[in-house]
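See below for the structure under consideration.
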Amino acid sequence: YRNFISKRLRCLFNVPNTEGYKNVQYNFGRFCFQTSQPLGEKITSLQSSSAGQLPHHFSACNIQIIRSFHTSPSFQAAPVPLFWVIVKPAQKLFAIILGRSIRNWWKALPPNKREHLKESARRNKWKILLGVSCLGVLFAVFYCTHLEETPITGRARLLVFGKEHLRELSQMEYDMWMEQFQSKMLPETDPRYQVVERVVGHLSESNKDVPQLSALQWVIHMVDEPDVNAFVLPHGQVFVYTGLLDAVCDINQLSFILGHEIAHAVLEHAVKKASLVHFVDFLSLIFLTMIWAICPRDSLAVVGQWIQSKLQEFMFDRPYSRTLEAEADKVGLQFAAKACVDVRASSVFWQQMELAETIHGQPKVPEWLSTHPSHKNRAEHLDRLIPEALKIRESCNCPSLSGPDPRLIFRLNMQHLLESSKGQETPNSTKQELSKPQLDFAHS
């Protein structure tokens with residue numbers, strides 16, 4: 001994962017990256033339980049099919065997962081204006097200096113002056129309380145006057161930065177990714193590129209009644225990277241890693257994943273996250289100043305500052321990111337339903353991710369420590385949304401779904417897999433056999 005803000009700061013100050021993210025990759029090829037035709041026939045049928053039709057399956061079920069699969073980049077599609085990226089460290093430094101100066105000034109006062117100031121504060125406590133209340137009202141008024149309605153969902157959102165303020169930075173971000181991946185871009189003639197192009201085009205065409213979606217110009221980029229990842233920048237630039245095509249079992253799963261990423265752009269999560277994060281960071285500067293003013297020693301102030309940052313991260317930042325992911329799942333599922341995709345395959349994908357973690361013994365991080373919902377909770381959330389998505393699919397006059405429910409197939413095959421594994425004398429060899437890929441997408 002690459003954090004856009006920290007990377008930009010490293011470019012500005014030439015600080016080496018000290019954060020290491022150990023991506024553990026695995027292959028497993030027998031958890032995609034759908035039957036399918038050879039991949040070469042599928043690619044041919046995809047290229048020859050009309051824009052309103054999609055093939056049902058890929059045959060490449062070689063899943064390569066990383067420790068925690070996220071389809072969005074780590075900055076949750078939410079860069080902030082470059083000015084604030086540079087100024088934010090200076091703001092914290094100013095709050096620390098101000099708080100420390102207040103503490104040193106108080107310590108230097110004679111005891112009689114301290115008592116005099118305390119007595120004055122007690123006499124004017126209502127005036128002080130009124131001033132603090134007025135400050136709180138100003139913040140509340142600012143918050144309420146900058147609320148707008150989220151497209152599609154209608155949920156209220158805070159907008160501090162205008163879209164035009166982020167356009168230039170979005171272009172800078174796009175140029176950065178293009179420079180990084182310039183030697184890894186697949187040509188437009190590559191079958192994998194054409195698969196993604198057709199899926200994105202079909203999703204866009206099927207949802208052209210959504211003004212925010214039809215207004216975006218979609219630009220496809222296929223990156224030859226084994227990581228399971230995909231993201232869409234705020235202005236419609238789609239980046240898909242080849243590892244994602246190895247991870248999905250059929251075109252229905254791919255359509256849902258790309259629908260999820262498109263939903264991030266349509267719902268303007270970039271502007272929403274940047275605005276709210278900036279507002280909360282500004283409020284946190286007040287508490288940071290108070291911590292350095294009240295704590296008697298610098299060491300205690302550093303501990304207090306660390307506690308404050310962690311509380312903000314785990315009580316606000318990460319839960320809010322999970323909320324945005326759940327919102328993108330819901331809207332992305334609706335986009336897929338209107339494109340006549342088998343939306344039931346969406347929860348199967350996350351069950352496969354959950355199974356992969358279990359098979360390979362990966363440590364499960366509690367959801368409250370993550371910016372994304374857990375695989376299990378994500379699958380359960382989608383299962384609750386699927387009945388509504390099926391009604392949307394039916395209202396769009398989509399053809400009836402043929403064959404059994406893929407969720408049922410997955411459960412039955414899981415049950416069979418567990419029963420057969422009990423009789424195996426060499427579990428390790430079984431695990432190796434399960435993890436062996438059935439087909440190599442790149443050579444098909």
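The values are calculated or read from the model by the stated rules, or taken from the named source; none is laboratory data. Everything quoted here is computed from the prediction, not taken from an experiment. For neighbour counting, all protein chains shown are included, and Cβ atoms are generated from backbone atoms with ideal geometry for every residue, glycine included. The area values use the complete protein model at the heavy-atom level, side chains included, leaving out ligands, DNA and RNA. Shrake-Rupley method; radii C 1.70, N 1.55, O 1.52, S 1.80 Å.
With respect to LEU203, is the statement that it is assigned by the TED database to the domain that holds GLN334, open to solvent by less than 10 Å² (accessible area, probe 1.4 Å) and either modelled with pLDDT under 90 or under 27 Å from ILE392 (Cα atoms) (or both) true?
For LEU203, the condition - assigned by the TED database to the domain that holds GLN334, open to solvent by less than 10 Å² (accessible area, probe 1.4 Å) and either modelled with pLDDT under 90 or under 27 Å from ILE392 (Cα atoms) (or both) - is met.
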Quick check: is even one residue across the range 387-401 farther than 19 Å from PHE256 by Cα and open to solvent by less than 60 Å² (accessible area, probe 1.4 Å)?
no
Could you run through the range 165-179 and say how many residues are at pLDDT below 90 and either open to solvent by 50 Å² or more (accessible area, probe 1.4 Å) or closer than 23 Å to PHE256 by Cα (or both)?
6
Could you tell me whether PRO319 is outside any helix (DSSP H, G or I), touching a residue at least 40 places away in the same chain (Cβ under 8 Å), farther than 30 Å from GLU394 by Cα and in the same structural domain as ILE262 (by the TED database)?
no
Sort out for me the helices (runs of 4 or more DSSP H) sitting completely within the range 241-309 that have 1 or more residues that are over 30 Å from TRP177 (Cβ atoms) and open to solvent by 30 Å² or more (accessible area, probe 1.4 Å).
269-294
Give the residues of the range 349-393 that are free of Cβ contacts under 8 Å to residues at least 24 places away in the same chain and under 17 Å from the mean Cα position of the chain (by Cα), sorted by residue number.
PRO366, SER374, ASN377
Do we find a residue being in a helix (DSSP H, G or I) and in contact (Cβ under 8 Å) with a residue 60 or more places away in the chain anywhere in the range 215-231?
no
Looking at (1) polar (S, T, N, Q); (2) under 20 Å from LEU203 (Cα atoms); (3) free of Cβ contacts under 8 Å to residues at least 40 places away in the same chain; (4) surrounded by 15 or more Cβ atoms within 10 Å (Cβ to Cβ), find the lone condition where SER346 falls short.
(3)
Scan ARG155, ARG192, ARG198 and give me the residue that is open to solvent by 80 Å² or more (accessible area, probe 1.4 Å) and either small (Gly, Ala, Ser) or in contact (Cβ under 8 Å) with a residue 40 or more places away in the chain (or both).
ARG155
